[in-house]
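Colleague: For reference, the structure I am asking about is given below.
The values are calculated or read from the model by the stated rules, or taken from the named source; none is laboratory data. Computed from a predicted structure; not experimentally measured. Cβ placement follows ideal geometry from the backbone for every residue including glycine, while neighbour counts extend to all protein chains displayed. Keep in mind that these areas ignore ligands, DNA and RNA; they rest on the heavy atoms of the full protein, side chains included. Shrake-Rupley method; radii C 1.70, N 1.55, O 1.52, S 1.80 Å.
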Amino acid sequence: MTRWIAVLIAAVTVVGTGRAYAQETTPGPGTVVVTIIPGGGTFFTESKDTGRTSFGNYDLGAGVTVHLNRYVGIEGEVSGSVGVAQDLVVSGRTSNLKSPNSLNYSGNLVVSAANKSAVVPYVTAGVGGLSLFEKSSLGINGTETFFTSNVGGGVNWYAGRWGLRGDYRFIAVQSKDDAPEFFGQETRYGHRIYGGVLLNVTR
């Protein structure tokens, strides 16, 4: 009888240890996670009030998220938008021109789903700025900076130290009275989507 009790205790211990190990090794975010953004796009819709032209840019950048716990994090993000040639309406005329380059920077609150899976959906919102660089062919004669806000979400997938990320943001750009005619005299709205690579800096 004593031998069977000893065997049973040993079996329970092994099973319990295995479960604890599985829980500890479940892939997920570390305390600090870096996002590398090799490719994405931002598309600003046409203004409904003034008919200002829509346009899109190619995006790349990076971000750092500090997780306060498994579910809540604070993210700082910087991305550059590279102008691409497209049909733009400027002063009532349609021309094939390159859209302006820009720099977007924001601070965001990230709330992840309460699960313990390698696939982690999240929602996010934040504020920041958009700097639109000089483009004389579009009437932008110097760098113009605007206040922005964003809301969106996405999915992270973790595989140990590395992972993948897909992200969508709805962006609102606050207007300025002295903004160039091409962009910024009225509130503009945009959509941004990107795919990124995740790096768990600390576990």
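Colleague: Looking only at segment 42-58, which residues are touching a residue at least 12 places away in the same chain (Cβ under 8 Å) and closer than 15 Å to Glu181 by Cβ?
Modeller: If the condition is that a residue be touching a residue at least 12 places away in the same chain (Cβ under 8 Å) and closer than 15 Å to Glu181 by Cβ, then Phe44, Ser47, Asp49, Thr50, Gly51, Arg52, Thr53, Phe55 are the ones that fit.
Colleague: Out of all the residues in segment 41-91, which are of a type in the set (A, V, I, L, M) and more than 30 Å from Val120 (Cβ to Cβ)? First the steps, then the outcome.
Modeller: Going residue by residue through segment 41-91, those that are of a type in the set (A, V, I, L, M) are 60, 62, 64, 66, 68, 72, 74, 78, 82, 84-85, 88-90.
Those that are of a type in the set (A, V, I, L, M) and more than 30 Å from Val120 (Cβ to Cβ): Val84, Ala85, Leu88, Val89, Val90.
Colleague: Please give the number of the condition Gly190 fails out of (1) open to solvent by 40 Å² or more (accessible area, probe 1.4 Å); (2) under 25 Å from Ala85 (Cβ atoms); (3) at pLDDT 95 or above.
Modeller: Tallying (1) open to solvent by 40 Å² or more (accessible area, probe 1.4 Å); (2) under 25 Å from Ala85 (Cβ atoms); (3) at pLDDT 95 or above, Gly190 fails exactly one: (1).
Colleague: Within the group Ser149, Ser117, Ser137, which residue is open to solvent by 20 Å² or more (accessible area, probe 1.4 Å), in a helix (DSSP H, G or I), in contact (Cβ under 8 Å) with a residue 24 or more places away in the chain and not acidic (Asp, Glu)? Walk me through it before giving the result.
Modeller: Values: Ser149 fails: in a helix (DSSP H, G or I); Ser117 fails: in a helix (DSSP H, G or I).
On inspection, the qualifying residue turns out to be Ser137.
Colleague: Kindly indicate which of Leu88, Leu60 is more than 22 Å from the chain's Cα centre (by Cα) and assigned to a strand (DSSP E or B).
Modeller: From the options Leu88, Leu60, the qualifying one is Leu88.
Colleague: How many residues are of a type outside the set (D, E, K, R), modelled with pLDDT of 95 or more and surrounded by 15 or more Cβ atoms within 10 Å (Cβ to Cβ) if we restrict to segment 68-78?
Modeller: Looking only at that region, the number is 2.
Colleague: Looking at (1) among the hydroxyl-bearing types (Ser, Thr, Tyr); (2) assigned to a strand (DSSP E or B); (3) over 14 Å from the mean Cα position of the chain (by Cα), can you tell me which one Tyr105 breaks?
Modeller: (3)
Colleague: With at pLDDT 90 or above and either in a loop (DSSP other than H, G, I, E, B) or open to solvent by 50 Å² or more (accessible area, probe 1.4 Å) (or both) as the only criterion, which of Pro27, Pro38 stands out?
Modeller: That would be Pro38, the only listed residue that is at pLDDT 90 or above and either in a loop (DSSP other than H, G, I, E, B) or open to solvent by 50 Å² or more (accessible area, probe 1.4 Å) (or both).
Colleague: Can you name the residue in segment 154-170 that is more than 19 Å from Gly39 (Cβ to Cβ) and not aromatic (Phe, Trp, Tyr) and is also most open to solvent (accessible area, probe 1.4 Å) among such residues?
Modeller: Residue satisfying both the conditions and the ranking: Arg161.
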